[in-house]
Amino acid sequence: FLETAAYFCMKPKMGEKEVSPHSFFSIWHEFSSDFKDFWKKENKLILQERVKEAEEVCRQKKGKSLYNIRPKHDSGIVSKKCSYT
């Protein structure tokens, strides 16, 4: 624990000889909860951007038809019967 506290440059409070786990983890808890909140907000913004991009792609694809409809030609048996009578 002391090596970890030294790695993060934690200094003992006034009147204490060493960094206490309570003081270290209280600061760590604040940091991690703030980080989690920012992470959630950032992920929400990224998700909204991706949804907007997907909606735009859908609108563009709906504008272009993926298939062509051709008029039906009278070339079957029924059309030949009607033309002879």
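If you go through the stretch 9-18, how many residues are hydrophobic (A, V, I, L, M, F, W, C) and surrounded by 10 or more Cβ atoms within 10 Å (Cβ to Cβ)?
Here the count works out to 1.
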Practice task
Could you please find all residues in the stretch 19-62 being closer than 23 Å to Glu3 by Cα and either open to solvent by less than 100 Å² (accessible area, probe 1.4 Å) or touching a strand residue (DSSP E or B) at 6+ places or on another chain (Cβ under 8 Å) (or both)?
Solution key: Val19, Ser20, Pro21, Ser23, Phe24, Ser26, Ile27, Ser32
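Residues checked against (1) modelled with pLDDT of 70 or more; (2) among the polar types (S, T, N, Q); (3) assigned to a helix (DSSP H, G or I); (4) touching a helix residue (DSSP H, G or I) at 6+ places or on another chain (Cβ under 9 Å):
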| position | (1), (2), (3), (4) |
| --- | --- |
| Phe24 | yes, no, yes, yes |
| Ile27 | yes, no, yes, no |
| Phe35 | yes, no, yes, no |
| Arg50 | yes, no, yes, no |
| Ala54 | yes, no, yes, no |
| Gln60 | yes, yes, yes, no |
| Cys82 | no, no, yes, no |
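The values are calculated or read from the model by the stated rules, or taken from the named source; none is laboratory data. Note that this is a predicted model, so its numbers are computed, not measured. Cβ atoms come from the backbone with ideal geometry, glycine included; neighbour counts cover every protein chain shown. Surface accessibility is based on the protein's heavy atoms, side chains included, excluding ligands, DNA and RNA. Shrake-Rupley method; radii C 1.70, N 1.55, O 1.52, S 1.80 Å.
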